[in-house]
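Below you'll find the structure, written out as structure tokens, and then a few comments.
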Amino acid sequence: MGAVSLAFTAWGTWKAAQVADDQLAQSKEQQVADDRKQAALINFWVEKDTTVIANRSLDPAAVWAAARSKTSPSDSPGFMYWVGMLPPCNRIEIPNEVLDDFFQSPLTDEPFRGPYSIARLDVADAKGRGWTRSVSGQLSASSAAMPAPSKVGDSALLSDPAVRVVDLETCGTPT
């Protein structure tokens, strides 16, 4: 009888450990989802002759863009530029000629001449965490050191009169 009781206790302990492991895994998944929540709502794409950056989150976000010449080699890392503090619930519409002027590289080598495109966005969320949004839309945690937004100054890009800032109808959701 003692052996049965001992076996039952061992089985119960093993099951409790399995449940605890499952709960820990769920907690970690939830933490990752919570960490990504704001950055997941920031994206960019091209519509005809306009590059659009949208911040559907309820918080502003500091954003840098990696510019790459459309004629540069595909493995070129690009150059990083301070885009600005994106206001919450807004869509930023940047005409491509404004983007080309903004990204104009000091390099004169042929592979780095315009026109330019955004290769990726680096985002600092409201909690200071860094994220990278690729041109394909993939979001990943960034280990790159980003300067504090308060120390980078105003963005020439967002203050350009040809750049439109439009309120979004839906906010806080990815669609």
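Quick note: the coordinates plus some simple rules give every number you see, no bench work behind them. Nothing here was measured: the structure is a model prediction, and the numbers come from that model. Note: ideal-geometry Cβ built from the backbone for every residue, glycine included; neighbour counts use all protein chains shown.
Amide H of Ala126: which non-local residues (sequence gap of 5 or more, or other chain) have their own amide H closer than 5 Å, using H built in the peptide plane?
none
Fewest first, what order do Met80, Met85 take by the number of other Cβ atoms within 10 Å?
The order, fewest Cβ neighbours first, is Met80, Met85.
Return the sequence-ordered ³J(HN,Hα) values of region 38-45 in whole Hz as given by the Karplus equation 6.51 cos²θ - 1.76 cosθ + 1.60 applied to θ = phi - 60°, using x for Gly and Pro.
Each residue of region 38-45 in turn: 5, 4, 5, 9, 10, 8, 8, 6 Hz.
In whole Hz and in residue order, list the ³J(HN,Hα) couplings for region 83-100 that follow from phi through the Karplus curve 6.51 cos²θ - 1.76 cosθ + 1.60, θ = phi - 60°; x for Gly and Pro.
Per-residue couplings from phi come out as 7, x, 8, 7, x, x, 6, 10, 10, 9, 10, 10, x, 4, 5, 5, 4, 4 Hz.
What residues have an amide H closer than 5 Å to that of Ser57, excluding those fewer than 5 places away on the same chain, when H is modeled at 1.01 Å from N in the peptide plane?
Cys89, Gly172
Sorted from fewest to most neighbouring beta carbons within 10 Å, what does the list Glu93, Glu47 look like?
With the fewest neighbours first, Glu93, Glu47 line up as Glu47, Glu93.
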